[in-house]
Amino acid sequence: MTVTVEKTPAAAQKEQAHRTGRRAGRTGRPHAVWALPGVLFFTFFAVVPMALALYLSFTSWDGLGDPRPVGLDNWRKLLDDPRMTQSLWLTVVLTVASWAFQTVVALLLGVWAAGRQRNRAILSAVFFVPFLLSSTAIAILFYALLDPNFGIIQKDTLGSQSGAFLAIVFVGGWQFIPFHTLIYQGGARQIPEVLYQAAAIDGAGRYRQFFSITLPQLRHTITTSTVLMVVGSLTYFETVLILTKGGPGTDTAILPYLMYEAGFKTYDFGYASAIASFLVIAATGLSLVLVRLTGFGAMRSTREGM
Amino acid sequence: MSHDTLARPAKTRQPDGSPATRSPRRRRHWTRRANPVAGLGAFVWLVIVLIPIYAMLSASLTGADKALTGNPLKPPTDPTLDHYNTVLNSGFGHLLSNTAIVAVSVVGIVLALCIPLAYVAVRTRDRWSNAAFRLFLLGVAIPAQAVVVPLYLLIAKLDLYDTLLAVILPTAAFAMPVSVLVLVGTLRDVSEDLYEAMALDGASPLRVLFQLTIPLAKGGISTVVIFSALQAWNGFLFPLIFTQSDGPRVLTLGLFNYVSQFGVNIPAVLASVVLSGIPIFAVYLVARRALVGGLMGVGGK
C-alpha cells in the first residue's frame, strides 16, 4: 500500500525557484575547496590503506623487512585454503542469523515501545542499558558468565561448535538490539495514525493492522536497520576474539578474525592482505547494493513533498 | 524517568468531541490499547537484559574466596568492594583519561572535517563535490578491520606507533563516512529559500555556514557527536594493533588485559567491566534525550 502525495503548488514553486536560483549566481555558495581537508584526511587514512592492502596482497611480508613481490601466490592460496571457505561461509551464516534474531526482536520491541504509556518509557530506558557498554566489556562479561565453573550455565557452552556460535549471535543481539529497537521506535512513531483509524473503521484487527500497515510502512526503516546490521556484523571481531578465539578449533573464525590471525599471529602479512582485499571488494560490492536500496545517493531532501 | 525520555510528536491528534470522563487520548491510537502478548514479550526481553547485569553486579561484590564456588545468580552473602579497589589501583584512571582524550579528539576532528564537507556537498553541484560525496558513500561499508595491516605499515612509517595519535587518526577517518551521510541528510532539509535570503543580504559562505547551516543542523550534529564518540569509546582493534605499552593504553584494551592480569579472579574482571560502564552511564543519565533522540533519528522514514 502506497500513498502518493501530490506536489503542492507551493512545493512546485519552490522547486522552480531552486532551479533558477542555482543558475542565478554562485554568490553565497561555498567553494568545493572547503571539502578538501576532509577528503585528503579520509584518503590518507582509509583509501590509501585500501590500495596498499591490494598491493601487499601480491607480496610476501613478515612485518619486518621489505615486502617482496610474489605475484598471485597469496590469492592462489586464498582460493585453495579450506579455512577461507569455512570462514566465508561462517561469516555469511553469522550475519544472516544475527540479522534474523535482531530484526525480529528489535522490530517487535520498537513497535511496542512506540506507544506512549509511562511504563514503556521506563522499560525503554532499561532496554537501552546494554548498548552503553563497549563490545569488549560485553564480550568479557559473557565470557565470565559462560565460564563452565563460575558461570550461570554450568556447562562448557563455548566448548561446542553450536554453543559457541549461538553465544556469539546472542551476545551480538544483546548488545545491538537496544540500538535497533530505538530505530524502529522512531520509525513506528512516524506512521500516520489516520491509517490505523481507517483500518479500525474497516474492522481490521490488531494483527491485521500490524501486517498490513505497520510492516509496509516500516520498510525504509527495515532497510536502514538492515544496512547498519550487515555493515556492523564485522565488528563481531572483538566478540569472537574474546569469547572463543575463533574456536573451538576454527569453528567461529569469521573473516576479520582469520585476517587478524594470519597477520598478527603468524606474521604472514601478504596473506592477511589478500583476505583484507577480499573483504574490501566484498564490502564495496555490498555498499553499491546498499546505495541503490537506500537511495542515499539521491541528492534529495527526505522531507520533500511533506 | 518521565514521558519526555521519548519525545512525543505533538499535533498528530485531531480534536474529537468525546466526553471527558475518560482521557480521550486513551483510545485513540492502537498502540495505546493493552496488548498482553506484546507486553509479555517485552517482559521476557527485560529479564534477558537484566539477568547478565544483575549477575555481573552481584559477582563483582563477591569475596575472592567464594568466587569459584558460588553461582553468580545468588546474592553475595557478605558484599565487599575489594575488587573495585584492586581495579582502581591498577591504573584504571589512566585508562579512562586516555579514552577521554581519544573520544574528544575524534569528535573534534570529525566535526571539523565533516561539516564543511557536507555543506559543500549540499550547496554546490559541481563535479568535484559530487565525486567527494560518492567517495564517502562507498566508504560506509568498508570495515576498519580490512585495512589494519596497511594502516599498521603507515602508522609505523609516520613514527606514530604506540602513541594515542595512532588510535585517534584512523578512528576519526573511519567515523567520517557515516558522519558525512548523516550531516548531508540533515543539511538537505534546510530550505533553499533561507540560503537565498542570506545570499541576497550578501552574506559570505562562511557566515552562512555559521549563522544558518550549523544552527539548523544541530540535530544531525549531535547524532554525529554521539556516533563518533561511541566509536572512539568502543574501539578495540586499532588500540590492540597500534599500541603496545601502558602509556597510550585505552579502556577497552585495558579491560582485555585485566582478563589475563586477574586470571581466575573473575569477580575482579567483572568489577572492571562495571567501572568501565559507569562513565558512559553517567553521560546517559545527563544527556538521555539527546542520545536517544539522536540515535532514534537514524532510521529516517
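Computed quantities for the displayed model
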quantity: Label point 7 Å beyond Cα of B:LEU216 along Cβ direction - residues of the range B:168-205 with amide nitrogen under 11 Å; calculated: B:187-199
quantity: The range B:33-124: trypsin sites (Lys or Arg not before Pro) in DSSP loop, at most 11 other beta carbons within 10 Å; calculated: B:ARG33
quantity: Projected label distance in nm at B:SER97 and A:ASP73, using a 7 Å step from Cα toward the beta-carbon; calculated: 4.8
quantity: Normalised convex hull volume, the range B:174-301, alpha-carbon set, Å³ per residue; calculated: 150
quantity: Cα shape, the range A:28-115, gyration tensor, a/c 1.5 rule; calculated: oblate
quantity: Protection proxy ranking of A:222-228, B:127-133 - average other beta-carbon atoms within 10 Å, highest first; calculated: A:222-228, B:127-133
quantity: Cβ-Cβ FRET estimate between A:TYR55 and B:ASN130, R0 fixed at 22 Å, reported to 0.05; calculated: 0.20
quantity: For A:THR59, residues with placed amide H under 5 Å, excluding near neighbours; calculated: A:VAL70
quantity: Average accessible area per residue (Å²) across the range B:161-227 - probe 1.4 Å, nucleic acids and ligands excluded; calculated: 38
quantity: Gain upon complete extension [A:GLN161, A:VAL289; 0.36 nm per residue less C-alpha separation]; calculated: 42.9 nm
quantity: Rounded, prolate or oblate (a/c below 1.5 giving rounded, otherwise prolate when a/b exceeds b/c) for the range A:160-283 by Cα gyration tensor; calculated: prolate
quantity: Sequence ranges A:142-153, B:190-201, A:247-258, ranked by mean other-Cβ count within 10 angstrom, highest first; calculated: A:247-258, A:142-153, B:190-201
quantity: ³J(HN,Hα), Karplus 6.51/-1.76/1.60, whole Hz, each residue of the range A:230-239, x for Gly, Pro; calculated: 5, 5, x, 5, 6, 6, 5, 3, 4, 4
quantity: P(r), alpha carbons of the range A:51-190 - 5 Å bins starting at zero, rounded %; calculated: 2, 9, 12, 13, 12, 12, 11, 11, 8, 5, 3, 2, 1, 0
quantity: Residues whose placed amide H lies under 5 Å from that of A:THR252, excluding near-sequence neighbours; calculated: A:GLY247
quantity: Cα-based shape type of the range B:249-294, given that a ≥ b ≥ c are square roots of the gyration tensor eigenvalues and the cut on a/c is 1.5; calculated: prolate
quantity: Inter-label distance, nm, simple model (7 Å from Cα along the C-beta direction), B:TYR54/B:VAL264; calculated: 2.8
quantity: Positive-end residue of B:GLN244, B:SER191, B:ALA203, charge dipole of the range B:94-247 with Cβ unit charges; calculated: B:SER191
quantity: Förster radius 45 Å - calculated FRET efficiency between B:THR77 and B:ALA290, Cβ distance, rounded to 0.05; calculated: 0.60
quantity: Inter-label distance, nm, simple model (7 Å from Cα along the C-beta direction), B:LEU46/B:ASN89; calculated: 4.1
quantity: Burial ranking of peptide ranges A:198-211, B:259-272 (average Cβ count within 10 Å, highest at the top); calculated: B:259-272, A:198-211
quantity: Cα principal axis extents for the range A:218-296, largest first, Å; calculated: 44, 27, 15
quantity: Note, ³J(HN,Hα) from phi for the range A:167-175, Karplus 6.51, -1.76, 1.60, rounded to Hz, x at Gly and Pro; calculated: 4, 5, 4, 5, 5, x, x, 4, 6
quantity: Karplus (6.51, -1.76, 1.60) ³J(HN,Hα), θ = phi - 60°, over the range A:222-229, in Hz, Gly and Pro reported as x; calculated: 4, 4, 4, 5, 5, 4, 5, 5
quantity: Interchain or long-range residues, amide H under 5 Å from A:THR244's placed H; calculated: none
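The values are calculated or read from the model by the stated rules, or taken from the named source; none is laboratory data. Not measured: the values here are computed from a predicted model. Cβ atoms come from the backbone with ideal geometry, glycine included; neighbour counts cover every protein chain shown. Note: areas computed on protein heavy atoms with side chains; ligands, DNA, RNA excluded. Shrake-Rupley method; radii C 1.70, N 1.55, O 1.52, S 1.80 Å.
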